[in-house]
């Protein structure tokens, strides 16, 4: 099926129907098209970032650090929050509709009769644009897993694996040990790989050893030490005194340290001074990662976390930042996620739950969510047709000393992010 469309929305709608399944892991289709389009050779150093949580934040830090150092950086995010254009960043700016349409047309011409998934198609479009931007560095956020993810057709100069937790079990496996080798496969022989998991699965380290990668692990080869004014990054070469990252959440120090380690690993090709590292950490911004704001004088927290490990981190940070009053949840989740695992960590975090509906097939109905939640909490639970209704009711019930937390998925935050 050939795609012809005049608008970006039209293209994206057509892409959703192009391939028989939304996800089909494998490299043969995208590699064949990339060869036809002459995209396999990157024009500059490439950093690939995989992991269960923290990928987007780490890509954001890397992008901000390199731009603070005066380099041209192109980076890819997945998924987007509100507009597809957020996925393709060209030296600090989202790609325009016109640029993306030109790139999509190039992919369409190159693919011939090869069917591509939405992600494969759009990754090729992003790299086509990057190679025309004369970048100094390209940073790719791996979409799912690593070994068979579309991004793995390119050989990265530095790999980053932020952490390993259980998510996407249908494709990656049900345990951290099963998932470890899938993530490790983005690494390359004799090239640095930065591991940000403080207790990495044995399978991850074994696979990296089989690959012959140059492994740098947090708490072994580099460390993070909070200070009164920020934090200290240490490795075998010395230490850096750095400011606290702009992104909130205790876990962000691990993500920031992975970015710093990757920058250090590329110093011979892209030298970066400590001042640029510090500025990049302060300049970094990405929506929906423990993002704070207010609505009608009520404190709001938004977080895109959607698996048990992310829920654990969110629960811990909510306790650290506890308000004087109550904390209310506004939430919607995907039916294919480990909702029980999420609730195990957040069951005591809220004084009331306001559950709203989402108009996508994967979303769990509020009534089903409430039924599952009933096994974990005695706090009041209310269901609404929409998340807007849930949020409005929660804010109306809250006082100036209370807090409302919006969480459950990227879709949940995207639905409400314009409100803060």
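The values are calculated or read from the model by the stated rules, or taken from the named source; none is laboratory data. This structure is a prediction, so every number in the text was calculated from the model and none was measured. Reconstructed Cβ throughout: ideal geometry from the backbone, glycine too, with neighbour counts over all protein chains shown.
Results, tabulated for the structure shown:
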read-out: Verdict on residue 354 being farther than 19 Å from residue 290 by Cβ, not in a loop (DSSP other than H, G, I, E, B) and not assigned by TED's automatic domain parsing to the domain that holds residue 197; value: yes
read-out: Enumerated strands (runs of 3 or more DSSP E) restricted to the range 207-281, each holding at least 1 residues that are under 26 Å from residue 43 (Cβ atoms); value: 214-217
read-out: Where residue 312 falls short, out of the listed (1) in contact with a strand residue (DSSP E or B) (Cβ under 8 Å, 6 or more places away or on another chain); (2) crowded, with 16+ Cβ neighbours inside 10 Å; (3) not assigned by TED's automatic domain parsing to the domain that holds residue 72; value: (1)
read-out: Meets criteria (closer than 13 Å to residue 195 by Cα and either touching a residue at least 12 places away in the same chain (Cβ under 8 Å) or outside the structural domain of residue 267 (by TED's automatic domain parsing) (or both)) for residue 242; value: no
read-out: Residue satisfying all of: in the range 287-325; closer than 18 Å to residue 246 by Cβ and part of a helix (DSSP H, G or I); farthest from the chain's Cα centre (by Cα) among these; value: 320
read-out: Odd one out for residue 395, checked against (1) touching a residue at least 60 places away in the same chain (Cβ under 8 Å); (2) in a loop (DSSP other than H, G, I, E, B); (3) touching a strand residue (DSSP E or B) at 6+ places or on another chain (Cβ under 7 Å); value: (2)
read-out: Residue satisfying condition, being surrounded by 24 or more Cβ atoms within 10 Å (Cβ to Cβ), outside the structural domain of residue 306 (by TED's automatic domain parsing) and either within 17 Å of the chain's Cα centre (by Cα) or assigned to a loop (DSSP other than H, G, I, E, B) (or both), within set 127, 123, 193; value: 123
read-out: Check on residue 342, farther than 30 Å from residue 44 by Cβ, touching a helix residue (DSSP H, G or I) at 6+ places or on another chain (Cβ under 6 Å) and outside any loop (DSSP other than H, G, I, E, B); value: yes
read-out: Meets criteria (at pLDDT 95 or above, surrounded by 24 or more Cβ atoms within 10 Å (Cβ to Cβ), touching a strand residue (DSSP E or B) at 6+ places or on another chain (Cβ under 8 Å) and more than 23 Å from residue 26 (Cβ to Cβ)) for residue 48; value: no
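Table: residues versus (1) at pLDDT below 95; (2) buried (at least 21 other Cβ atoms within 10 Å of the Cβ); (3) over 15 Å from the mean Cα position of the chain (by Cα).
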site	(1), (2), (3)
64	no, yes, yes
73	no, yes, yes
96	no, no, yes
116	yes, yes, yes
119	yes, yes, no
151	yes, yes, no
